[in-house]
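The values are calculated or read from the model by the stated rules, or taken from the named source; none is laboratory data. In this text, all values refer to a predicted model and were calculated from it rather than measured experimentally. Cβ: placed from backbone, ideal geometry, glycine included. Neighbour counts: every protein chain shown.
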Amino acid sequence: MGKGRPSLRSITLWGDGAGAATVLVVAKLNQIIAVEKGIKSKAHQDLSTAQHGLQKPALLAGISRTYQPKDEEGEQLPPESTRVQVKAEDVLRETAATLTRLFDVTATKDWANCTARADVKVDGRVLVAEVPVSYLLFLEKQLVDLTAFVRRLPVLDASESWAQDPSTDAWKTEPVRTLRTKKVPRNHVKAEATDKHPAQVEVYYEDVPVGYWTTVKFSGALPARRVNELLARLEKVQQAVKFAREEANGSDVVDQRVGDAVFGYLFG
């Protein structure tokens, strides 16, 4: 809220059946928000009750009748009557009173939301200045989604040693040299040839070194340290936004009265 604006210290909410007024001391936006939820719930309940009563024709109907015999010796019967239990005009007045409370409190909250602002501060520095409440709520949700996104970022394999490679703008490992072998067939003479039998030869394969592989692994993932830094920053901003929202919601409010004007026209 702007400085120097009047601060209303109470909002009068009309009582229920007995008609006694209930005064709730509400000076801050967060108090209005807390009050609004209960009033909205009660308004919904009262409207449902009113609509339910109007759907019963018997409650809207009344009758009065008396009996007169044709002659003095005729049977005398007592009069009969049924009173009207629900009057539509009464329901309209009660509905207007119920919704006027809701309209006024919601208007007070929405008017205050237009001017209630606070700075988002991180480490003593103003990150975003004079942020309205609606945008602070938007930021809170976005930061929750961003945190979930960062937690799913790919992380470099901790079993490898990684270094940044400027030529590829990626991470790479140290070269690892491995031996390449090739299977070469060999003959093993199990029995020499004789005049009666040929030689018994068994073929087997031997791994013979033929060269070397030099392997360098590359990755576009992030070091765990980087991910942890991002999460720490997100947490700081999340806390700053929550603090700012609480500060903005602590702004003074000016009571708005719109319900009487609306329902004075609608049901008047």
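Look at Lys236 and say whether it is assigned to a helix (DSSP H, G or I), in contact with a strand residue (DSSP E or B) (Cβ under 6 Å, 6 or more places away or on another chain) and of a type in the set (Lys, Arg). Step through it out loud before you land on a result.
Working: assigned to a helix (DSSP H, G or I): yes; in contact with a strand residue (DSSP E or B) (Cβ under 6 Å, 6 or more places away or on another chain): yes; of a type in the set (Lys, Arg): yes.
Here the answer is yes, as Lys236 does meet what is asked.
Would you mind finding the one in Val216, Val258, Val253 that is closer than 30 Å to Pro154 by Cα, in contact (Cβ under 8 Å) with a residue 40 or more places away in the chain and not charged (D, E, K, R)?
Details: Val258 fails: closer than 30 Å to Pro154 by Cα; Val253 fails: closer than 30 Å to Pro154 by Cα.
Unique residue meeting the criteria: Val216.
May I ask you to verify whether Ser167 is of a type outside the set (Asp, Glu), within 40 Å of the chain's Cα centre (by Cα) and at pLDDT 90 or above? First the steps, then the outcome.
Details: of a type outside the set (Asp, Glu): yes; within 40 Å of the chain's Cα centre (by Cα): no; at pLDDT 90 or above: yes.
Against the criterion (of a type outside the set (Asp, Glu), within 40 Å of the chain's Cα centre (by Cα) and at pLDDT 90 or above), Ser167 does not qualify.
Quick test for you: out of Leu127, Leu54, Leu99, Leu60, pick the one residue that is over 30 Å from Leu234 (Cβ atoms), aliphatic (A, V, I, L, M) and modelled with pLDDT of 85 or more. Show your work before the answer.
Values: Leu127 fails: over 30 Å from Leu234 (Cβ atoms); Leu54 fails: modelled with pLDDT of 85 or more; Leu60 fails: modelled with pLDDT of 85 or more.
Every option except Leu99 fails the conditions.
Looking at Pro209, Pro198, which one is at pLDDT below 95 and in a strand (DSSP E or B)?
Values: Pro198 fails: in a strand (DSSP E or B).
Criteria check complete, one pass: Pro209.
Out of region 242-268, which residues are under 18 Å from Ile33 (Cα atoms) and aliphatic (A, V, I, L, M)? Give the derivation first.
Of the residues in region 242-268, the ones under 18 Å from Ile33 (Cα atoms) are 242-259.
Those that are under 18 Å from Ile33 (Cα atoms) and aliphatic (A, V, I, L, M): Ala244, Ala248, Val253, Val254, Val258.
Looking only at region 98-128, which residues are farther than 18 Å from Leu29 by Cα and more than 24 Å from the chain's Cα centre (by Cα)?
Scanning region 98-128 gives Thr98, Leu99, Thr100, Asp123, Gly124, Arg125, Val126.
Does at least one position in region 180-188 carry a residue that is modelled with pLDDT of 80 or more, in a loop (DSSP other than H, G, I, E, B) and either in contact with a Ser or Thr (Cβ under 6 Å, 6 or more places away or on another chain) or not hydrophobic (A, V, I, L, M, F, W, C) (or both)? Before the answer, list the steps.
Step one: of region 180-188, the residues modelled with pLDDT of 80 or more are 180-188.
Now narrow it down to the ones that are in a loop (DSSP other than H, G, I, E, B): none.
No, region 180-188 contains no residue that is modelled with pLDDT of 80 or more, in a loop (DSSP other than H, G, I, E, B) and either in contact with a Ser or Thr (Cβ under 6 Å, 6 or more places away or on another chain) or not hydrophobic (A, V, I, L, M, F, W, C) (or both).
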